[in-house]
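These notes are about the structure you will find just below.
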Amino acid sequence: MHEVVVAALVREGRVLLVHRSPNRRAYPGVWDLPGGHIETGETELAALRREMHEELGVQIATGSAVHLCRLDAGRGGESVRLSAWLVDEWQGTPTNVAPDEHDEIRWFEPEELPPLAHELLGTALVDAMLGARP
């Protein structure tokens, strides 16, 4: 089973999503949270920090990361264990530094969130964002 981490970068009540390039093998052409595979010997937070730098050019404050949810998806050799984190502190301005993986990045309000690659992840994200509002 592949292990993957993703981050919901949240600022001012909005979350940053990436649009997966149409040439991606898994989930082409859909909106998703940025992230990627955990490398051998990496912790989830170390992988999260590395992936956010590789994909968005930001340095996340891992101390601000709060675990959102964990889910299993796929079957057999294609199965993935996905761990999602909420992050509200980082340095730098998120930009698409991985255009081969994503063809767009955009901020979304919880009410306008498009369907994500994993429906349960979208539900957990909206619940967490709306629950955090005063």
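The values are calculated or read from the model by the stated rules, or taken from the named source; none is laboratory data. Worth saying up front: this structure is predicted, and the values here are computed from it rather than measured. As a convention, Cβ positions derive from the backbone with ideal geometry for all residues, glycine included, and neighbour counts pool all protein chains shown. Heads up: the accessible areas ignore ligands, DNA and RNA and are worked out on the full protein's heavy atoms, side chains in. Shrake-Rupley method; radii C 1.70, N 1.55, O 1.52, S 1.80 Å.
Close contacts from segment 57-86, counting a first residue that is within 15 Å of THR43 (Cα to Cα) and open to solvent by 20 Å² or more (accessible area, probe 1.4 Å) and a second that is at pLDDT below 90 and assigned to a loop (DSSP other than H, G, I, E, B), with Cβ to Cβ under 9 Å and a gap of 6+ residues or different chains, come to ARG81/MET1. Only residues that are closer than 20 Å to GLU39 by Cβ and polar (S, T, N, Q) were counted across segment 60-103, and they come to 3. Evaluation of GLU12 against the conditions (1) at pLDDT below 95; (2) more than 16 Å from THR93 (Cα to Cα) shows that the sole unmet condition is (2). Scanning segment 57-114 for residues that are over 22 Å from ASP127 (Cα atoms), of a type in the set (Val, Ile, Thr) and at pLDDT 90 or above turns up VAL58, ILE60, THR93, THR95, VAL97.
Each residue in segment 122-134 was checked for being at pLDDT 90 or above, out of contact with any helix residue (DSSP H, G or I) (no Cβ under 8 Å at 6 or more places or on another chain) and of a type outside the set (Gly, Ala, Ser), and 2 pass. As a summary of the residue check, GLY35 satisfies the conditions (1) at negative phi; (2) surrounded by 14 or more Cβ atoms within 10 Å (Cβ to Cβ) except for the one numbered (1).
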